[in-house]
Every structure is written in structure tokens, then in C-alpha cells.
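What follows is calculated from the coordinates using simple rules that are stated; it is not laboratory data. None of the values given here were measured: they were computed from a predicted structure. Here the Cβ is made from the backbone with ideal geometry for all residues, glycine too, and neighbour counts use every protein chain on show.
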Amino acid sequence: MPLSLPDPVAVYFEISNGSDISQISHCFTSDAIVVDEGKTHRGHVAIQAWQREAQKAFQYTVEPISLSREGDRLKVTAKVVGNFPGSPAQLDHVFGLDGDKIKSLEIG
């Protein structure tokens, strides 16, 4: 059974799986922060560039497999499979939401 994800989180995973990267502005706040692999990406332009680089460097799919709430944060564990070292991997995606948009995302 598919997980019931909030709309901005569902859109984020669609983008991660190859959907139109310009949709970033529909799911992230304009000043959103993403932390991945020890690097911080702030704002729509930086987050779009991060997604483009990841999709250019590797072919991969991301499948959310579990969901939990931690206070005001949403933790989605996802199975990531692709042509990158360590594949397949399970990564936690911890989202901070602001209304109907993502204000922060930490991947680890």
C-alpha cells in the first residue's frame, strides 16, 4: 500500500524520480534549506541545481517505505536504488513543513 504523503512531500519524491525539476517552487518555500551529503542548499535556484546535479551524476529511483512524525517534523525513510556506490540504500528524509510547502529537508 502506498504511503499517504503530504502534497509537497509527494511532489518532492516525484521530482527525485525524474519529474520536472521546475516543480521545486511548488513544494519548497522560497528560503527553504536542504542538507544532503554535508552540503547545504538554500532557496529554489540552489535546490534545483542540487537536483539537476544528482540526476546528472546518477540514475536512481527513490521509494518512500515508511513515515513517522517527530514533533513538527516528518520523517520519511526511502529505499534508494541506482548506479551509485552503496546502492541500494535506505535514507531518512526529515522534512520541516510550513503550511503547504517544505521549509527544510535533511537527508541522511
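The figures follow:
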quantity: Members of segment 1-25 found to be free of Cβ contacts under 8 Å to residues at least 60 places away in the same chain and outside any loop (DSSP other than H, G, I, E, B), listed by number; calculated: A10, V11, E14, I15, S16, I21, S22, Q23, I24, S25
quantity: Where A57 falls short, out of the listed (1) touching a His at 6+ places or on another chain (Cβ under 8 Å); (2) over 25 Å from S30 (Cα atoms); calculated: (1)
quantity: Tally of residues being within 16 Å of V94 (Cα to Cα) and surrounded by 11 or more Cβ atoms within 10 Å (Cβ to Cβ) across segment 1-40; calculated: 20
quantity: Hits in segment 41-90 - residues which are of a type in the set (S, T, Y), touching a residue at least 40 places away in the same chain (Cβ under 8 Å) and exposed (fewer than 13 other Cβ atoms within 10 Å of the Cβ); calculated: S66
quantity: Residue within segment 36-53 that is under 23 Å from S4 (Cβ atoms), of a type in the set (A, V, I, L, M) and not in a loop (DSSP other than H, G, I, E, B) present; calculated: no
quantity: Strands (runs of 3 or more DSSP E) lying entirely in segment 55-102 (those with 3 or more residues that are β-branched (V, I, T) and in contact with a strand residue (DSSP E or B) (Cβ under 6 Å, 6 or more places away or on another chain)); calculated: 60-70, 73-82
quantity: All positions within segment 54-77 that are farther than 17 Å from D7 by Cα and among the polar types (S, T, N, Q); calculated: Q55, Q59, T61
